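The values are calculated or read from the model by the stated rules, or taken from the named source; none is laboratory data. The structure presented is a predicted model; accordingly, all values stated were derived computationally and were not measured. Note that we place each Cβ from the backbone using ideal geometry, even for glycine, and neighbour counts take in every protein chain shown.
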Amino acid sequence: MNEVRMNERAAVPRLLGVSALVALIISLLLVVFVWPAVHTAPNHLPLALVAPSSAAQQLRQRLETARPGAFDLTDYGTEEQARQAIQRREVYGALLVTPTGPHILTASAASPAVAQLLTQIAGTLATPGSTAAKLVEDVVPATQDDPRQAGLGAAALPLVLSGMLSGLLLTRTFSRGRERVAGALLIAVFSGLAVAGILQGGFGTLGGSYWINGLSLSLGIGATVFLILGLEANLGAAGLGLGAAILMLLGNPFSALASAPQMYPGVWGAVGQLLPPGAIGTLLRSTAFFNGSGWEAPVLVLSVWLLVGLALVASGSARKRGDVRLDRAVSAGM
């Protein structure tokens, strides 16, 4: 009886410790996911401005007074130049001052959240007898089936989880590096084409070429899978945890799939674009709606992550082979 009571008393600190750890993890996840949503606001959002010098200065001052630091306005000579800047993904929209009054160009395909924000601004610029709807033109709209791009925003977490799950399954199923690499490549290709088919053919979220969208998703999924494989090959279970932290705690909340990188405070929007989830979203928007404009940066980011993961897999496999040879040599010497 005494031994049982001692074991029960010894279990109390462990129970308290585990409970506190779980509460800490839940709190951390809540902060990481809720904080970006609560603090979403324009932060040096790039917009085009087409207006006479006097009107342009007044509009700049008005916006800066209403929302300090919210917008970065770049002057363009004509409306056509502003439209081209939107289509090249240099800006998210344009503010025009014309002889007939103000006019705003948006691109809901680039970010429905930003398009909605610009529509709200149009309401403040509307003159008596006009409405915000009449002042706004969507230059690059999202699809009719998913005008708010809800499918793209909802896909962020499943894409991250699929990459993590794939890496975990490969590490638990195959021991050799070459088999894991081959498996990762096949998973990336098959999964990318499958997800593109669902988002484009099933939900109508994406436009453009199915094959290009599928290959873009394959590159993104491949980057996440190879990252997990590489970290596990060198750090074991701790590598899986580190990969999950990078993708889940940083990559997913700041991916901007539901908004825009410039809608996050500080540098967090830029940080999100340097991680696979954010790069996947930017690349998909470029291929699906903007004829590929702006593809260079996200492709570079995803390629770097993929190559880093591949290099880590190679180094981990080489080290393991070296350890095996050393063990054999030691055994032979004995």
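From 226, 203, which residue is in contact with a Gly (Cβ under 7 Å, 6 or more places away or on another chain) and closer than 18 Å to residue 187 by Cα?
226
For segment 22-39, the condition of being surrounded by 14 or more Cβ atoms within 10 Å (Cβ to Cβ) and either in the same structural domain as residue 292 (by TED's automatic domain parsing) or out of contact with any Pro (no Cβ under 9 Å at 6 or more places or on another chain) (or both) holds for none of the residues.
The sole residue among 19, 54 that is within 23 Å of residue 91 (Cβ to Cβ) and exposed (fewer than 11 other Cβ atoms within 10 Å of the Cβ) is 54.
Out of 252, 213, 291, report the one residue that is on the phi > 0 side of the Ramachandran plot and of a type outside the set (A, V, I, L, M).
291
Pick from segment 210-269 the residues that are surrounded by 24 or more Cβ atoms within 10 Å (Cβ to Cβ) and β-branched (Val, Ile, Thr): which of them is farthest from residue 168 (Cα to Cα)? Only one residue fits best here, namely 221. Taking residue 133 as the residue in question, decide whether it is more than 29 Å from the chain's Cα centre (by Cα), modelled with pLDDT under 90 and closer than 27 Å to residue 285 by Cβ. It is true that residue 133 is more than 29 Å from the chain's Cα centre (by Cα), modelled with pLDDT under 90 and closer than 27 Å to residue 285 by Cβ. Every residue in segment 38-65 that is touching a residue at least 24 places away in the same chain (Cβ under 8 Å) and small (Gly, Ala, Ser), please. Result: 41, 48, 51, 55, 56. The residue that is farthest from residue 136 (Cα to Cα), counting only those in segment 66-93 that are polar (S, T, N, Q) and not in a helix (DSSP H, G or I), is 74.
Pairs linking a residue in segment 292-318 that is more than 13 Å from residue 219 (Cα to Cα) to a residue that is surrounded by fewer than 21 Cβ atoms within 10 Å (Cβ to Cβ) and of a type in the set (S, T, N, Q), with Cβ atoms under 6 Å and 6 or more positions apart or on different chains, are 312/234; 316/234.
Counting only helices (runs of 4 or more DSSP H) that sit wholly inside segment 94-204, those with at least 2 residues that are crowded, with 17+ Cβ neighbours inside 10 Å are 112-125, 150-154, 156-173, 177-196.
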